Amino acid sequence: MALLFLFLTLFFIFLCYKLYQKLTCNLPPGPRPWPIVGNLYDIKPVRFRCFAEWAQIYGPVISVWFGSKLNVIVCNSELAKEVLKENDQQLADRDRSRSATRLSRGGKDLIWANYGPHYVKVRKVSTLELLSAKKLEALRPIREDEVTAMVESIFRDCTSPDKKGKSMQVRDYLAAVSFNNITRLVLGKRFTSPEGVVDEQGLEFKAILANGVKLGGSLTLAEHIPWLRWFKWMFPFEEEAYEKHNARRDRLTKIIMEEHIQARQKAGGASKHHFVDALLSLQDQYELSDDTVIGLLWDMIIAGMDTTTISVEWTLAELVKNPRVQLKAQEELDRVIGVNRVMTESDFPSLPYLQCVVKESLRLHPPTPLMLPHRANTAVKIGRYDVPKGSIVHVNVWAVARDPAVWKNPLEFRPERFMEEDVDAKGHDFRLLPFGAGRRVCPGAQLGINLVTSMLGHLLHQFFLVSGERSEGGRY
């Protein structure tokens with residue numbers, strides 16, 4: 001009886017709150033929420049597609065209730081500009097789930113930090129010290145070395161007698177080069193031997209990554225309906241699992257950090273360009289705690305690994321479907337690079353069509369289709385609608401980039417559109433936002449573009465891409 005009374009009381013409070021908001025706030029339209037659960041059971045599994053469909057019904061800005069939490073989703077470039085530029089400071093905080101809070105130790109990293117002195121500091125470290133043009137150029141040999149190794153591995157496998165005439169899963173090679181690239185850039189370590197065998201530290205590293213993804217995605221109904229957390233026997237939150245994961249992650253990272261400290265001491269204090277060396281040398285200058293150093297390292301790893309693989313894989317799929325585009329890109333590579341050398345990143349300015357292919361792929365298939373959640377630290381207006389303080393705001397990057405109001409034939413894979421009009425992909429043009437924009441724009445945008453362009457260019461220069469059968473001609 002007491003439980004029923006509690007439920008009815010909470011239900012009454014919820015109805016009163018909803019009525020108060022309806023009378024005092026002009027909220028964006030959206031699907032009608034159910035009591036308690038809101039729209040949770042209406043949302044289809046692929047959220048960004050679901051929100052884009054709802055935007056066709058209710059308009060480019062919609063309200064979606066995740067339990068008792070108001071989420072505002074914007075789906076066109078004009079409103080994205082309002083969120084990421086005009087109301088940027090008011091919407092610069094992060095909405096952290098309990099999982100994200102535990103994994104980031106309360107936002108001590110960059111990705112999950114709220115906007116404030118800590119965020120400004122670690123953002124400055126990332127932009128000026130880790131991902132500046134000078135640093136990226138110094139690390140270029142690593143990127144080119146790994147991409148060359150990928151091409152050699154594919155060629156070796158596709159020409160071996162036992163695999164002759166068989167199709168190949170390119171994804172495995174893309175994942176391997178992304179893994180080796182990021183671990184070398186961030187940690188200064190290559191966990192994989194030339195034969196493709198992952199060492200003990202590498203296996204532990206991969207296990208930690210996989211467990212972090214599992215924990216980060218383990219959201220329960222209580223995440224969206226906070227009062228359900230009182231019923232711990234029904235909606236448990238495994239604090240111990242997060243503590244064990246963080247301890248395991250920190251233990252491996254500190255071992256690698258200690259290896260770099262000892263190497264620097266042996267070298268008389270000389271520092272290499274890897275991110276871990278840079279952070280260790282800057283730790284005292286910027287007053288970075290060990291938690292922040294570890295958080296930044298893992299931010300770079302998580303942000304740069306799967307996203308690169310996904311982007312290249314989508315591009316390859318589009319090129320298989322559009323052989324005209326593939327042939328045109330290969331003709332440009334043959335004309336600029338020739339057949340007596342391999343492409344390097346210094347060739348990028350001479351390969352405008354290849355760059356347009358990358359942009360077009362990032363437009364149609366952004367690696368983060370739904371931007372990470374922003375939280376309103378004060379009440380703001382988006383369009384003509386009210387967004388109360390504490391609301392969660394998302395930019396549907398996927399929908400923005402397919403808006404027929406700003407893109408001609410938006411579903412067509414046509415890189416030439418970027419030859420006709422130069423559209424920035426790093427946050428200055430709100431029609432194309434694969435890396436976000438504003439205060440929370442991805443600081444590694446240029447690194448990501450370089451990696452994708454390099455991997456794609458090498459593959460196109462050396463191989464024809466077909467689906468399920470071997471091509472004819474000079475390439476494989």
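Here the condition is being within 16 Å of the chain's Cα centre (by Cα), charged (D, E, K, R) and in a helix (DSSP H, G or I); of ASP291, ASP299, it holds for ASP299 alone. The set of residues in segment 302-324 that are β-branched (Val, Ile, Thr) and either outside any helix (DSSP H, G or I) or surrounded by 21 or more Cβ atoms within 10 Å (Cβ to Cβ) (or both) comprises THR307, THR308, THR309, VAL312, THR315. Take ASP347 and tell me if it is surrounded by fewer than 22 Cβ atoms within 10 Å (Cβ to Cβ) and in contact with a Gly (Cβ under 8 Å, 6 or more places away or on another chain). So ASP347 passes the test. Do we find a residue being surrounded by 14 or more Cβ atoms within 10 Å (Cβ to Cβ), touching a Gly at 6+ places or on another chain (Cβ under 9 Å) and closer than 25 Å to ALA138 by Cα anywhere in segment 229-248? No, segment 229-248 has no match at all. Taking the criterion of being more than 13 Å from THR292 (Cα to Cα) and out of contact with any Lys or Arg (no Cβ under 9 Å at 6 or more places or on another chain), the residues of segment 91-119 that qualify are SER97, SER99, THR101, ARG102, GLY116, PRO117. Segment 383-476 holds helices (runs of 4 or more DSSP H) entirely within its bounds, and those carrying 2 or more residues that are touching a residue at least 12 places away in the same chain (Cβ under 8 Å) and hydroxyl-bearing (Ser, Thr, Tyr) map to 445-462. Of the residues making up segment 71-90, those that are open to solvent by 20 Å² or more (accessible area, probe 1.4 Å), touching a Lys or Arg at 6+ places or on another chain (Cβ under 9 Å) and among the charged types (D, E, K, R) number 1. For segment 22-36, the candidate set comprises residues that are at pLDDT 55 or above and out of contact with any strand residue (DSSP E or B) (no Cβ under 8 Å at 6 or more places or on another chain); within that set, the residue that is surrounded by the most Cβ atoms within 10 Å (Cβ to Cβ) is ILE36. Within segment 378-402, if we keep just the residues that are of a type outside the set (Phe, Trp, Tyr) and within 20 Å of THR315 (Cα to Cα), the residue that is farthest from the chain's Cα centre (by Cα) turns out to be ARG402. Tell me, which residue of segment 37-54 that is open to solvent by 40 Å² or more (accessible area, probe 1.4 Å) and in contact (Cβ under 8 Å) with a residue 12 or more places away in the chain is farthest from ALA222 (Cα to Cα)? By that ranking, first place goes to ARG49.
The values are calculated or read from the model by the stated rules, or taken from the named source; none is laboratory data. Small disclaimer: the values here were computed from a predicted structure and weren't measured. When we count neighbours, we look across all protein chains shown, and the Cβ atoms used for this are built from the backbone with ideal geometry, even at glycine. Only protein heavy atoms, including side chains, enter the accessible area calculation; ligands, DNA and RNA are left aside. Shrake-Rupley method; radii C 1.70, N 1.55, O 1.52, S 1.80 Å.
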